Structure formats: C-alpha cells, structure tokens
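Data first, discussion second: the structure below is written as structure tokens.
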Amino acid sequence: MRTPSFGRVVLGLALLFAAHADAANFGVKNATVVLDQRALLITARFDLPINARIEEALSNGIPIDVVIDANIVKHRWWWRNRLVTDHTLRRRIQFHALSRQYLVSGLQAHDPSESFGSLSQALAHAGTLDKFTVFLTAKKEIEAGARYLLLLRARLDIEALPMLMRPLAYATPSWRLNTGWTEWPVQRLQP
Amino acid sequence: MKRLRPPEMTEVRSAKPSVNAASFTGQTQERFFRRARVSPLAVLAVLLAISLGMMSAATQNSALFGDLYSPLLVLNILGVVLLLTLILLSVRKLVRQFRARVMGSRLTLRLFGLFVLLSVVPVAVVYLFSVQAFNRGIDNWFDVRIEQALESALALGRTALDTTKEDLTRKARDMAAELDDSSRRGMLPTLNALREQYGLFELTLFGQDGKVISSSTQGAVRGKSVVPDRPGEAIFTQARRGEVYAGIEPLGESGLQLRVLVPVVSRSVGAPVRVLQVIEPMPERYAQLGQNVQVAFAEYAKIFYLRGPLKFGFTLTLSLVALSTLLLAVWAAIFAARRLVTPIRDLAEGTRAVARGDYSQQLPVPVGDELGILVQSFNVMTRRIQRAQSEITRGQRAAEIQRTYLETVLTHLSSGVLSFDPRGHLRAHNAAAHQILGADLVSGEGKTLAWLAEAQPTLAPFVDALRALLRKAQTEWQAEITLPGDAGRRVLMVRGTRLPGLHGRSGGHVIVFDDITALIQAQRDAAWGEVARRLAHEIKNPLTPIQLSAERIRHKCMDSLPEKERATLDRATHTIVQQVEAMKAMVNAFSEYARPAPMHIQAVNLNQLVQDVVELYKGRANPVRYQFDLDAALPVLQADPGQLRQVLHNLLLNATDALASTDNPLLQIATRYVDEPTSRYVELQVRDNGPGFAPSVMDHLFEPYVTTKEKGTGLGLAIVKKVVEEHNGTLWAGNLRDGGASFTIRLPASEILAAAARGKNT
C-alpha cells in the first residue's frame with residue numbers, strides 16, 4: 001500500500017487491458033474479530049493459491065509479498081463508513097536455494113522469519129492471522145451501541161516486485177491476485 | 001524541440017515600453033501570441049524528456065528511480081496519449097481546412113506529410129535496430145558455464161550440508177535411544193550430559209502434546225536466558241508420527257542452522273511419543289560460504305529470470321522514447337508547416353485581394369529569410385499600386401471636373417456646338433445646338449450626319465454642306481449655310497475645327513454654329529435705313545429748286561407767251577409742282593421710316609386693341625370672315641398703343657389684300673400668353689387662307705419696297721418689323737402647310753405686369 005490510490009489507478013488501467021483474472025485468486029476462508037475490552041483480536045485464514053508463473057518467479061529467487069489490509073470501520077447506514085483504524089500486514093515469501101526452504105517473514109519488522117520445507121506450508125502460514133491484536137487507543141474508542149466491521153483483504157503486492165517485472169505483472173491477470181474487500185462483523189466479548 | 005521556441009520571444013518580452021510604444025501594433029501582438037503558443041509544446045516536450053530520462057535511469061539502475069517506475073510509466077503513457085490526441089486534433093483541423101479549401105491548407109498538409117515522412121522513417125529504422133540489438137545483447141550476457149558453475153557450487157554446498165545433517169541425525173538417533181529409558185525427573189541433567197557428550201548447541205525434548213519437557217542449551221550454561229527454538233507445526237507433527245525430520249534452516253541474515261527432530265519411542269507400550277529436537281548452528285565459516293553461494297546463485301537466478309522483463313522494460317522505454325520523439329516530431333511538423341505556410345498563405349490571400357482591387361493589403365513580415373524579402377516586396381508593391389491608383393482616381397476626378405466645367409460652358413453657350421469623332425459619329429452637343437437645329441440630338445448620339453438629315457429633313461442643306469466641309473483637309477474652315485423652314489429662312493454661320501488626334505491622325509471635328517439670321521437682318525435693315533435717309537436727303541434737296549424754278553418760269557413766261565402756249569406752260573408747271581409735292585411727301589415718308597420715332601409707352605390690353613382695330617375693317621363691304629382665339633389670361637403689355645395699332649393695321653391690310661382673290665376668305669387672329677422658365681412673352685398670330693408668300697419674296701419679306709401689290713409703298717411689313725423690334729419683340733412669317741400665310745409676333749411681358757395681370761384675373 002505504498003501508493004494506494006495510484007495502485008488502484010494502475011490496477012484499473014491494467015484491468016482495462018487484461019482479460020478476466022485466473023480462477024485461482026486469493027480468497028478469505030474465514031475470519032473472526034473479537035473485541036476484548038481495549039483490544040481487537042483478529043483471527044483469519046486466507047486461501048492463497050499460487051499459479052505456476054508465480055511459483056517459477058519464487059523458485060528463481062524473486063520474493064513475493066502478500067499484503068493483508070485490515071480496516072476497522074464504524075458502520076454508518078446514512079453515510080460512508082468511518083474508518084477507526086487500519087493496519088497493513090506484510091508477509092514476504094522467499095525461496096532459499098541452498099537449504100531448499102521457503103522463508104516467510106514475520107508480520108512485524110523485528111519478527112524472525114520462519115522456514116518451511118514446502119511452498120504450501122509457507123503459504124498456509126502466510127495466510128494465517130492468529131489472534132493478531134490491535135490495541136485501541138483512547139482516540140479510537142469503540143462506542144457501545146454502534147456496529148463495527150472488519151474489512152479484510154489480502155493481495156499480492158506488485159509494487160514490491162523487482163521494478164522490471166511490474167509493468168508486465170500489472171498487465172498479466174495471473175499476477176493480479178486479490179481477495180477484494182470482505183466484511184466481517186466485530187463481535188463483542190460478553191463481560 | 002527547444003529550437004521551436006522562437007529566440008525573439010524573450011526580446012519581445014523584455015522590450016521596454018518606449019516612446020515608440022505605438023509601433024507595438026496589433027500585428028506584432030498577434031505574432032507574439034502566435035509564437036507563444038509554441039511554448040506548451042516545448043514544456044510538454046521537456047517534461048516528457050525528463051520523465052523518459054528518469055524511466056530510462058530506473059530501467060538501468062533500479063535504486064535511483066525504482067519506486068517511481070510505475071508512476072513514470074503511466075505518466076509517459078499519458079503524455080504520449082495526450083500528444084497523440086493533440087496531434088489528431090490538429091490533423092483533423094488540417095484535414096477539415098483542406099476539405100473546406102482554406103487558402104494554404106493544401107500546402108500545409110503537403111509539408112506536414114513530408115516532415116512526418118522525414119521524421120518517421122529514420123526513427124522507425126533506429127528503433128527497430130535498437131530493439132533487435134539490445135535484445136541480442138541481453139541474451140549475450142548470460143553464459144552457460146557460469147550458470148553451471150553456480151549450480152555446481154550450490155550442489156556442493158548442499159552435499160556438504162547433507163553430510164553434516166546425516167551426521168547429526170545419527171547422533172540424534174543415538175541420543176533418542178539413550179533417552180528412551182530416562183525418567184521425566186532426571187531429564188535435564190541427562191540432556192545436559194548428552195549435549196556435552198555430543199558437543200551440540202541445543203537439545204530439547206517435547207512431549208506428545210508439543211510442550212517442552214526439558215531443554216538444554218549451550219547459552220544456558222553461560223548464563224543466558226533460554227527459550228527453546230520451537231519447530232514448526234508441520235515438522236512437529238511429522239516427528240510425532242515417528243518420522244525423522246532433518247532440515248537446514250537459514251538463520252538471520254547469513255547464518256545456517258541444522259534442525260533434527262527424532263521421535264523418542266518408549267519401549268513400554270502405550271507410553272506417549274516424545275520428540276527430541278537437536279539444533280546445531282553451522283560453523284560460521286561454513287555458513288558464510290554457504291550463504292555466499294546462496295546469494296550468488298539467487299542473484300544469478302533472479303537476473304536470469306528477469307531477463308524477459310528486462311527486455312520488456314527496455315523495449316517499453318525505448319518504444320515510449322521513440323513514440324514520444326516521433327509524436328513530438330509530428331507535432332513540430334504541424335507547427336513548422338503552419339509557420340512556413342503562414343506567410344505564403346498571407347501572400348496568396350494578399351495577391352487575391354489585390355486581384356480583386358483591394359490595394360490596402362499590408363502583410364506581417366516574417367523575420368529574416370527570403371520569404372520575408374518576398375513579403376516586403378509585396379508590401380512595397382501594393383503600396384505603390386495604391387499610390388498609383390489614388391493618383392489615377394484623382395486624375396479622373398480632375399478630368400470629370402474639367403468635363404463638367406466644359407459641359408456647363410457649352411450648355412450656356414449661345415452658339416451651337418457639335419463634335420464628331422474621326423468616323424463621323426456624333427459625340428457631343430449642347431443645348432444651343434439642339435435649339436438652333438430643332439432636332440433631338442440626344443437620341444442621335446453616336447450616329448452619323450445621315451441620321452440628322454433623316455430625322456429632320458429641313459436640315460438637309462445643313463448636313464450636305466457639313467459633309468462637304470468635313471471632307472476637306474483644312475483644319476479650320478468657316479461657312480454660311482441657309483436653311484429653309486416654317487419660320488422663314490435662317491442663316492447659320494458655321495465654323496469647323498479639326499481636332500488633334502493621337503499619332504497625327506484626325507481626332508474628329510468640332511463644329512460651332514450661330515443663327516445669324518437676325519444679325520443679317522439687322523444689318524440689312526440698317527443699310528436700308530441709311531439708303532432711305534440718304535435718298536430722302538439727296539432727293540429732297542433738288543426738289544425745292546425744281547419747284548421754285550418751275551414757278552418762276554411760269555411767273556415770268558406766263559405773260560409773254562401767247563395764249564395757246566400759256567395754257568401749256570401753265571399745265572406743265574402745275575404738273576411739275578404737283579409731282580414735286582408728291583415726291584416731297586414720299587421722301588418725307590421714307591425719312592420718317594428711317595428716323596427712330598419717339599415711343600409713348602403705356603399699359604396696353606392687346607386683346608382690346610385687336611378687337612378695336614378689326615372692328616374698323618368689318619364695317620365696310622368686306623367678304624373676309626374674322627375668327628378670334630384670344631387668351632383671357634393675357635397680361636397687360638407695356639407698349640406704345642399707337643404704334644401697335646399701326647402694326648395691326650398693316651398686318652390686317654396686308655392679309656385683306658392677300659385674300660382679295662380667295663373664295664371664302666378667313667382671317668384668324670390668336671393671342672396667347674407663354675410662360676417659360678427662361679422667358680415670358682405675349683404671342684400674336686395672324687393667319688389667312690390666302691395664296692401665301694411667293695418663294696421669291698420669302699427672304700426679303702420685311703425689307704422696304706418689297707411688294708407684290710400694284711399700289712403700296714412696300715413699307716408696310718418693314719414698319720411692322722421696326723415697331724416690333726423697337727418693343728424688344730420678335731416676329732416671323734411663313735407659309736402654312738395647308739395654304740395661307742401666318743405672321744407671328746412675340747412681345748416680352750415684363751414680370752411685374754404679368755404677375756399683376758394674373759392677380760387681376762384670379
């Protein structure tokens with residue numbers, strides 16, 4: 001999400017040129033978000049299928065970034081939803097040729113990366129949010145009566161690809177992997 | 001592209017408003033704006049060049065503009081699309097102008113096409129060769145041997161690691177076997193001991209549920225806090241199922257560690273399966289070398305893989321550069337064509353305007369080149385033509401004024417003027433000519449003399465004489481021409497002049513003529529008067545001595561003569577005296593005629609006078625019928641009534657005598673008042689149905705001693721004429737067409753009296 005609006009513009013332009021996306025797109029299997037006092041616990045599982053083209057790039061040492069966007073919004077029926085907080089989580093998948101391992105970086109910058117013997121394991125790990133905790137500051141208080149939604153999306157970050165691949169990636173449907181925004185209700189933990 | 005920006009523009013901008021500010025005309029301003037329109041193109045070109053440069057830099061070195069690559073790409077594509085749109089709009093405009101046959105559009109389109117052809121072909125050739133060249137160049141970068149070497153290195157590293165891994169696995173199995181019987185309590189010391197024994201980094205024992213039973217780490221001995229490194233869920237599950245897992249894991253930036261999981265199977269049936277995890281970091285040197293190989297291989301694989309996108313990227317950049325250059329060239333071609341054609345179009349339009357007769361064309365002069373000289377020459381030309389044109393117009397106006405002046409003079413000339421062109425066609429005439437000749441000369445313009453003779457048969461002698469005279473080679477001539485007519489014979493004095501023509505040829509003739517009838521008449525009258533006076537004087541002088549002598553002879557000889565002779569003498573002397581007396585009376589009458597009589601002017605009613613006089617004639621046994629046609633609106637005349645009465649007597653007497661041998665004699669007397677803009681007069685006309693005048697007397701009708709009658713002095717009509725002329729009137733006599741003679745007298749009516757008379761009548 002380095003250039004979000006721009007990315008959308010490019011995406012739109014690319015969509016104009018390209019045909020329908022491949023059938024194997026990213027998807028959200030399930031997600032729950034629980035409000036526990038001042039923290040939101042997000043648990044989600046994404047289905048991140050990868051086509052041969054991306055696998056080829058991975059095996060040639062190209063790192064692939066999967067970006068998970070998680071926005072908490074207050075539902076407003078009369079107007080656009082109000083954004084409470086937004087988080088962009090990035091997981092980088094990389095092939096380590098010497099050890100034949102797939103490395104998946106952590107959500108935060110200081111988290112150690114984990115290695116997996118197979119790509120499917122790595123992807124399963126990358127597509128898992130296990131009680132990702134969002135702490136709410138006083139400013140972003142959750143009102144008692146209001147309805148809140150979690151907007152969730154996972155996508156392949158083309159802008160993180162090596163520069164030379166970007167134009168082609170934008171123009172190729174197999175690179176444009178995106179779950180699209182999905183809405184999940186925020187559940188409140190009964191006291 | 002920058003060259004398109006006109007170098008003078010900055011000068012124009014910086015020009016200070018001087019005293020000559022007025023010379024900064026609209027023309028200059030227009031030119032300024034026309035040139036300023038180029039600048040958006042220049043800006044666009046510069047921007048496009050910069051962004052293309054950045055994109056090119058990004059393609060070659062991703063560190064510099066790597067993040068901006070996609071925006072730059074889109075920006076450039078947008079720029080190209082914008083350019084394309086602008087060019088298409090311009091081309092459409094050009095084509096539309098061409099279809100509308102706007103002046104200069106054909107040339108513009110042709111030049112544009114030429115420029116485009118000149119720019120497209122080289123760019124296309126360079127583009128195609130470049131794409132081919134660098135595609136081949138990129139392929140040449142990659143060497144099969146290097147690839148093989150890297151793969152071999154990687155395989156070598158893997159083999160080395162695998163050996164270590166197998167060694168560790170064996171160790172782990174041995175340890176698992178030893179751990180088999182160890183109870184839970186003594187686990188940590190056992191693990192520690194085993195770790196020490198095998199010289200390992202970390203040993204961890206997990207229960208079946210994945211919880212750490214015990215862990216021994218090298219760091220713990222040294223007093224560091226220890227959290228055992230947990231394996232991944234999948235690995236653990238694998239180990240729990242009884243399979244051995246051995247893997248090499250990258251550690252941090254450059255480290256490598258070996259992880260081995262072996263199941264610790266209890267001998268007792270039903271005991272939970274525990275898992276022993278052995279972690280051993282690779283020695284630093286190994287790890288370093290392995291990492292080097294890994295990095296080199298990864299980089300090579302990446303570059304090799306990116307070869308396709310690199311080609312694509314280069315091709316894209318080059319295509320954009322080529323396309324932008326091309327489009328800018330096309331755009332510049334449009335501008336260049338327009339700029340080139342503008343003065344030519346101006347010239348064409350200016351020439352067309354000049355052809356239409358608009359000489360006020362002044363074109364803006366383009367700077368410097370031969371076109372500028374051409375336009376300047378055109379401007380000078382139109383200025384000269386305009387000057388010449390205005391001079392011609394002025395000359396024409398002067399000629400027109402001259403002509404009008406001449407016409408006015410001619411119109412008011414009492415002499416008739418006719419002018420003929422070299423072929424004898426009537427070219428000009430004046431009102432006097434029309435009046436004198438009595439012919440409608442306007443309809444005779446452009447016609448020959450023959451027409452005049454046809455239109456007015458009475459003018460035949462005039463035409464014949466003129467023809468004869470015109471044929472003569474003399475430049476100037478003069479002649480007297482006599483014309484017959486209703487109003488008596490007229491004498492025209494004609495003077496002709498040959499007009500100078502071009503190249504010594506004849507330029508036609510001008511004929512000036514006057515009606516000198518009156519003049520000749522006056523001269524003749526004057527001569528007659530003189531003769532009469534002289535004659536009277538000369539005759540009267542000897543008459544008295546003759547009379548005295550005759551009386552004296554009678555007195556002296558009467559007594560001395562015998563009776564018979566005495567009677568003869570007496571008779572003879574008596575006759576002499578009597579005749580002398582008669583002669584004296586006659587001479588007196590003559591002298592009376594010759595001497596101007598004193599006028600007694602008073603108001604006269606002509607109608608009354610006419611009726612009074614006619615009444616005297618009616619009384620006697622007279623067979624003549626009198627018919628009156630008197631104008632009731634006749635003004636009162638200022639005249640001598642006695643003399644007018646004399647005139648009437650003479651006319652009536654003359655007519656009565658003329659009617660003596662006519663059956664059913666009729667005498668018509670008419671008066672009328674003629675009110676013309678130039679003159680007012682009272683006209684009296686006396687007509688009879690007698691035999692008319694003999695042609696022989698026509699010319700000398702009003703001269704004294706002209707008579708056809710047996711008795712009469714021949715002074716009657718002469719006196720009439722004299723009286724009328726003394727009253728400033730005119731008179732003429734003529735024969736009527738259906739027999740009979742007519743006398744017409746015109747007496748001028750003074751304006752005041754005429755007005756008074758009209759007032760009285762109304």
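The values are calculated or read from the model by the stated rules, or taken from the named source; none is laboratory data. Quick caveat: nothing in here was measured; it's all calculated off a predicted structure. So basically every Cβ, Gly included, is an ideal-geometry build from the backbone, and we count neighbours across all protein chains shown.
Restricting the first residue to the range B:309-328 and requiring it to be within 13 Å of chain A (Cβ to nearest Cβ), which pairs with a second residue that is of a type in the set (F, W, Y) and in a helix (DSSP H, G or I) meet a Cβ separation below 6 Å and a spacing of at least six or different chains? Here the result reads B:F314/B:F134, each pair linking the range B:309-328 to a residue that is of a type in the set (F, W, Y) and in a helix (DSSP H, G or I).
Name the residue, out of B:D369, B:D358, that is among the charged types (D, E, K, R) and closer than 28 Å to B:I87 by Cβ. So the residue among B:D369, B:D358 that is among the charged types (D, E, K, R) and closer than 28 Å to B:I87 by Cβ is B:D369. Which members of the range A:121-152 meet the condition of being acidic (D, E) and within 13 Å of another protein chain (Cβ to nearest Cβ)? Hit for the range A:121-152 is A:D130, nothing else. When A:R155, A:R166 are screened for being at the interface with another protein chain (Cβ under 9 Å from one of its Cβ atoms) and surrounded by 20 or more Cβ atoms within 10 Å (Cβ to Cβ), only A:R166 passes. Checking each residue in the range A:34-49 for being closer than 20 Å to A:R176 by Cα and either of a type in the set (K, R) or over 14 Å from the mean Cα position of the chain (by Cα) (or both) picks out only A:R45.
Number of residues in the range B:351-374 that are among the aliphatic types (A, V, I, L, M) and in contact (Cβ under 8 Å) with a residue 24 or more places away in the chain: the value is 4. Candidates in the range B:227-246 are the residues that are in contact with a strand residue (DSSP E or B) (Cβ under 6 Å, 6 or more places away or on another chain) and free of Cβ contacts under 8 Å to residues at least 24 places away in the same chain; of these, the one that is farthest from A:R100 (Cα to Cα) is B:Q238. Of A:S113, A:S118, A:S105, A:S99, all but one fail to be more than 10 Å from chain B (Cβ to nearest Cβ) and not hydrophobic (A, V, I, L, M, F, W, C); the exception is A:S105. Restrict the check to the range B:132-144 and report whether at least one residue is at positive phi and touching a Ser or Thr at 6+ places or on another chain (Cβ under 9 Å). Looking through the range B:132-144, none of the residues is at positive phi and touching a Ser or Thr at 6+ places or on another chain (Cβ under 9 Å).
Within the range A:80-96, if we keep just the residues that are more than 17 Å from A:I68 (Cα to Cα) and surrounded by fewer than 17 Cβ atoms within 10 Å (Cβ to Cβ), the residue that is farthest from the other protein chains (Cβ to nearest Cβ) turns out to be A:R82. Here B:G508 meets each of (1) small (G, A, S); (2) under 18 Å from B:A433 (Cα atoms); (3) in a helix (DSSP H, G or I) with one exception, condition (3).
Rundown of residues vs (1) surrounded by 13 or more Cβ atoms within 10 Å (Cβ to Cβ); (2) of a type outside the set (A, V, I, L, M, F, W, C); (3) in contact with a strand residue (DSSP E or B) (Cβ under 6 Å, 6 or more places away or on another chain); (4) not in a loop (DSSP other than H, G, I, E, B), yes/no style:
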residue	(1), (2), (3), (4)
B:L569	yes, no, no, yes
B:S591	yes, yes, no, yes
B:L609	yes, no, no, yes
B:E615	no, yes, no, yes
B:L648	yes, no, no, yes
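When B:A301, B:A332 are checked against the criterion of being away from chain A (no Cβ under 11 Å), small (G, A, S), part of a helix (DSSP H, G or I) and crowded, with 17+ Cβ neighbours inside 10 Å, a single residue qualifies: B:A332. Looking at B:A632, B:A658, B:A585, B:A603, just one residue is small (G, A, S) and surrounded by 15 or more Cβ atoms within 10 Å (Cβ to Cβ), and that residue is B:A658. Every test in (1) surrounded by fewer than 21 Cβ atoms within 10 Å (Cβ to Cβ); (2) under 30 Å from B:L118 (Cα atoms); (3) touching a Gly at 6+ places or on another chain (Cβ under 8 Å) is passed by B:A234 save one, and that test is (2). Annotation note: of B:P623, B:P635, B:P677, the sole residue that is more than 22 Å from B:V723 (Cα to Cα), in a loop (DSSP other than H, G, I, E, B) and over 60 Å from the mean Cα position of the chain (by Cα) is B:P623.
In the set B:R158, B:R92, which member is closer than 24 Å to B:R259 by Cα, of a type outside the set (A, V, I, L, M) and free of Cβ contacts under 8 Å to residues at least 24 places away in the same chain?
On inspection, the qualifying residue turns out to be B:R158.
Counting only strands (runs of 3 or more DSSP E) wholly contained in the range A:83-139, the ones carrying 3 or more residues that are in contact (Cβ under 8 Å) with a residue 12 or more places away in the chain occupy A:101-104, A:128-135. Looking only at residues in the range A:169-181 that are more than 9 Å from chain B (Cβ to nearest Cβ) and not in a loop (DSSP other than H, G, I, E, B), the one that is surrounded by the most Cβ atoms within 10 Å (Cβ to Cβ) is A:W175.
Matching residues to (1) of a type outside the set (A, V, I, L, M, F, W, C); (2) in contact with a helix residue (DSSP H, G or I) (Cβ under 6 Å, 6 or more places away or on another chain); (3) surrounded by fewer than 20 Cβ atoms within 10 Å (Cβ to Cβ):
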residue	(1), (2), (3)
B:T411	yes, yes, yes
B:F420	no, no, no
B:G424	yes, no, yes
B:N430	yes, yes, no
B:D440	yes, no, yes
B:L452	no, yes, no
B:G485	yes, yes, yes
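The set of residues in the range B:178-222 that are at pLDDT 80 or above, closer than 13 Å to B:P263 by Cα and small (G, A, S) contains only B:G207. Applying the selection to the range B:351-384, what residues are of a type in the set (S, T, N, Q) and either more than 17 Å from B:M103 (Cα to Cα) or touching a Gly at 6+ places or on another chain (Cβ under 8 Å) (or both)? Hits for the range B:351-384 are B:S360, B:Q361, B:Q362, B:Q376, B:S377, B:N379, B:T382.
Within the range B:514-530, residues that are within 22 Å of B:G496 (Cβ to Cβ) sit with their Cβ atoms under 7 Å from residues that are modelled with pLDDT of 80 or more and in a helix (DSSP H, G or I), at 6+ positions apart or across chains, in these pairs: B:D515/B:I436.
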